[in-house]
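The values are calculated or read from the model by the stated rules, or taken from the named source; none is laboratory data. Predicted, not measured: the structure shown is a model, and the values here were computed from it. Here the Cβ positions follow ideal geometry from the backbone for every residue, glycine too, while neighbour counts run over all protein chains shown.
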Amino acid sequence: PSSLHYGFDNKIWGTVGYSGYHGSVKFNQGAYRFDVDGKNIEFMGATSNNTWGLGFSENNDVFLSTANNTHSAYLGIPYPYLERIAQPASRAIDKIDGHYAMHVVTKNLRQVDVFNGFTAAAGHNLYTARNFPKRYWNRIAFVNEPTGRVVHEAILEPKGSGFEEKDGWNFVASADEWFGPVHSEVGPDGAVWMLDWYNFIIQHNPTPAGFENGKGNAYINPLRDRTHGRIYRIVYKNAKPQQIKSLDRKSNASLIGGLKSDNMFWRTTAQRLIVENKDRSIAPQLYALIRDKNTDEIGINAPAVHALWTLHGLGLLDGSNTEAFNVAVEALSHPAAGVRKAALQVLPDNSASLAALQKAGLLNDPSLNTRLAAILKSADLPASAEMGAELKAAAAMSQNSNDRWIAEALKVALARHAQAADAHAGHTGQGKTGEGSSSPQAEGKADQVITITPVVNAMKFDLKAFTVKAGTTVEVVFKNIDFMQHNLLILQKGSMDKVGAAADQMAQDPKGAEKQYVPKMPEVLFYTPLVNPEESFKLKFKVPAVTGDYPFICSFPGHWRLMNGVMKVTK
């Protein structure tokens with residue numbers, strides 16, 4: 001478990017990598033949250049591989065990074081919503097990074113895969129203060145890559161209801177072969193604080209010739225360091241002095257001052273302390289913050305966002321407090337899109353909130369990000385034929401139906417308001433297994449069934465070779481028991497290096513993952529898509545008529561050099 005954050009919703013958020021979580025619930029790599037007392041853990045979305053980065057924007061957008069070739073991702077719809085329409089947890093999070101390569105200052109890199117790209121990305125914290133230049137504000141995230149010795153600036157730009165990442169080059173880079181940044185975030189002073197692992201060996205198994213792997217498949221090297229580390233503080237030379245040095249939890253004036261800070265560190269800290277105090281006498285001062293209609297230079301009123309979630313944490317928005325409810329309803333028309341979003345998210349799940357949501361017209365909010373939140377909120381409210389009709393009308397709008405996240409959210413909401421959603425009845429989601437055929441002749445019952453799995457943590461197939469007869473129909477059952485995505489491609493004889501090189505080149509294509517890292521070339525005879533951990537795919541095909549050795553590989557960037565085998569075709 002890593003990247004623990006106190007969330008806007010007064011819960012603890014975090015990520016977990018390959019180890020997963022097998023407790024009251026079971027899930028593999030991705031994002032989760034739980035109550036501050038450690039109870040009620042929820043799986044929020046699955047990532048494609050080892051995960052070490054999580055960050056919030058000032059408007060409560062959730063971003064992640066993973067170690068292997070997804071250095072920026074966006075959590076668009078939490079898995080508990082998708083589960084209602086039988087969609088897998090992997091649909092909760094999308095890869096949004098817009099480029100492949102790191103910008104290193106030395107070529108002395110030791111990487112296992114995703115060569116020259118992000119193969120050990122960690123952290124995804126946005127710049128959420130106002131001490132740095134304006135271009136950083138709530139827009140640039142810091143992604144650390146210890147194998148490349150860089151801290152990358154990931155520029156996050158709105159794209160429909162979600163986001164896309166653009167290459168902002170580097171925030172920090174070094175040629176020191178021990179430099180290994182693993183975490184960067186805004187401190188209480190508005191500067192960026194960075195953790196340097198400071199280790200010559202970063203990854204567990206970039207095993208050179210002559211070395212052996214030990215426990216956990218980590219190669220044995222005396223240069224592994226378990227003692228040293230560094231902390232850096234990066235300061236903008238023209239930064240204004242930070243006004244707040246500490247907060248007094250016994251002083252409401254101090255805590256309200258924290259909520260008014262232009263640094264999210266202090267706002268979040270003040271919110272947490274107020275909620276922990278459980279002193280509702282501070283409510284009128286929170287109301288005043290929420291009713292402030294001003295916005296800053298980038299259209300945000302962050303104090304109002306935090307004040308709304310503070311009311312929620314104090315239990316004042318459970319439907320029993322009329323004044324708090326009315327203040328939140330007023331905020332549904334706030335000029336700041338982030339405040340409107342927070343207001344609808346904190347409202348109680350009752351009929352009064354349903355009426356307020358309909359009256360405010362947020363299903364047509366000009367901010368598609370806020371519109372997405374409104375549609376998801378409607379899925380938590382009492383079933384209503386009128387709301388169902390509005391949702392059905394919204395689904396007919398091309399702006400909504402063409403939006404990646406809104407289109408999916410409408411399915412969730414329509415499933416809730418079923419009276420007006422008859423046209424959508426019978427929806428079925430994607431299951432955990434798939435079947436496919438890359439040969440139109442591969443129909444009917446298979447003459448032979450072969451099961452192949454990856455070797456856990458080893459980046460190898462458990463089967464190095466299998467034999468089939470020319471012209472027969474074969475079904476390969478590919479079960480992914482590893483902790484990251486893999487696929488399986490069967491290639492033309494003698495073409496492994498050519499196809500592998502083409503697959504590596506695809507890694508530099510931002511849409512390479514959408515294309516399953518399968519090169520479009522005649523040498524690729526049959527293939528599976530990328531198969532997520534704990535999922536499987538059945539690949540049925542007609543064996544070529546020509547005998548010989550046909551290689552099979554995993555074409556995830558860099559994997560094909562180790563993950564390969566041979567299909568032997570005989571008469």
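See the values below:
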quantity: Residues (crowded, with 17+ Cβ neighbours inside 10 Å and part of a helix (DSSP H, G or I)) located in segment 77-136; calculated: TYR79, TYR81, LEU82, ILE85, ALA89, SER90, ARG91, ALA92, TYR136
quantity: Those residues of segment 488-514 which are surrounded by 17 or more Cβ atoms within 10 Å (Cβ to Cβ) and over 31 Å from the mean Cα position of the chain (by Cα), in sequence order; calculated: LEU491, GLN492, LYS493, SER495, MET496
quantity: So GLN485, is it at pLDDT below 95 and either under 32 Å from the mean Cα position of the chain (by Cα) or on the phi > 0 side of the Ramachandran plot (or both); calculated: yes
quantity: Residue within segment 537-547 that is small (Gly, Ala, Ser), outside the structural domain of SER90 (by TED's automatic domain parsing), at negative phi and without any contact (Cβ under 8 Å) to a residue 60 or more places away in the chain present; calculated: no
quantity: Checklist (1) surrounded by fewer than 15 Cβ atoms within 10 Å (Cβ to Cβ); (2) among the small types (Gly, Ala, Ser); (3) touching a residue at least 40 places away in the same chain (Cβ under 8 Å) applied to GLY214, failing item; calculated: (3)
quantity: Selected residue [crowded, with 24+ Cβ neighbours inside 10 Å and in the same structural domain as GLY361 (by TED's automatic domain parsing)] from LEU314, LEU344; calculated: LEU344
quantity: Segment 3-41, subset among the aliphatic types (A, V, I, L, M) and part of a strand (DSSP E or B), residue farthest from THR310 (Cα to Cα); calculated: VAL16
quantity: Entirely in segment 453-550, the strands (runs of 3 or more DSSP E) that have 1 or more residues that are touching an Asp or Glu at 6+ places or on another chain (Cβ under 9 Å); calculated: 465-469, 473-479, 489-491, 536-542
quantity: Selected residue (criterion: surrounded by the fewest Cβ atoms within 10 Å (Cβ to Cβ)) from residues of segment 217-261 that are in contact with a helix residue (DSSP H, G or I) (Cβ under 9 Å, 6 or more places away or on another chain) and among the hydrophobic types (A, V, I, L, M, F, W, C); calculated: ALA253
quantity: Counted residues, segment 485-505 - those being under 11 Å from GLY558 (Cα atoms) and touching a residue at least 24 places away in the same chain (Cβ under 8 Å); calculated: 3
quantity: Hey, VAL25 modelled with pLDDT under 95, assigned by TED's automatic domain parsing to the domain that holds ASN125 and over 15 Å from the mean Cα position of the chain (by Cα) or not; calculated: yes
quantity: Residue in segment 155-176 that is touching a Pro at 6+ places or on another chain (Cβ under 6 Å) and either buried (at least 22 other Cβ atoms within 10 Å of the Cβ) or more than 22 Å from ASN263 (Cα to Cα) (or both) present; calculated: no
quantity: Condition broken by VAL327, with the remaining ones in (1) in a helix (DSSP H, G or I); (2) free of Cβ contacts under 8 Å to residues at least 40 places away in the same chain satisfied; calculated: (2)
quantity: Residues of segment 375-399 satisfying the condition of being assigned to a helix (DSSP H, G or I) and touching a Lys or Arg at 6+ places or on another chain (Cβ under 8 Å); calculated: SER378
